[in-house]
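The structure appears below as structure tokens.
The values are calculated or read from the model by the stated rules, or taken from the named source; none is laboratory data. Remember, predicted model here, so these are calculated numbers, not experimental data. Cβ coordinates were reconstructed from backbone atoms using ideal geometry, including for glycine residues, and neighbour counts include every protein chain displayed. The area values use the complete protein model at the heavy-atom level, side chains included, leaving out ligands, DNA and RNA. Shrake-Rupley method; radii C 1.70, N 1.55, O 1.52, S 1.80 Å.
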Amino acid sequence: MNVRAAQLFGGQQRGPVQRVVQGKVMDKSEAAIKGAVVYLKDGHSLAVKSFISDDQGGYRFGQLSQNTDYELWAESNGKKSPVKTISSFDTKNQFVINLKIDTGK
């Protein structure tokens, strides 16, 4: 009975699926940049969230809407990475986007 119940209810995770974007902030030689500010701009509400990259340059944003476009970029010491876009038309739920900042080194 418990196995059957698990089969019936375990696979039925209906409802809104949340998207996640994560990655690393790196310089042009692909060394991690600790303490960079990563920005995520919601194309619908224009709200901007930020995340400070960790010791390995890592960042992560969760609970992104599937029906919204987002812009993503990083800044460190007055330098900015190119802006990356996450489209609402992309059906993936997991995005790995590494951001490169030309630090001039």
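Of the conditions (1) hydroxyl-bearing (Ser, Thr, Tyr); (2) open to solvent by 30 Å² or more (accessible area, probe 1.4 Å); (3) without any contact (Cβ under 8 Å) to a residue 40 or more places away in the chain, THR68 satisfies every one except a single condition; which number is it?
It fails just one condition, (2).
Can you name every one of the strands (runs of 3 or more DSSP E) wholly within the stretch 26-105 that holds 1 or more residues which are among the β-branched types (Val, Ile, Thr) and more than 16 Å from the chain's Cα centre (by Cα)?
99-101
I want to confirm something. Restricting to the stretch 11-47 and keeping residues that are closer than 19 Å to LYS80 by Cα and modelled with pLDDT under 95, which single residue is surrounded by the fewest Cβ atoms within 10 Å (Cβ to Cβ)?
SER29
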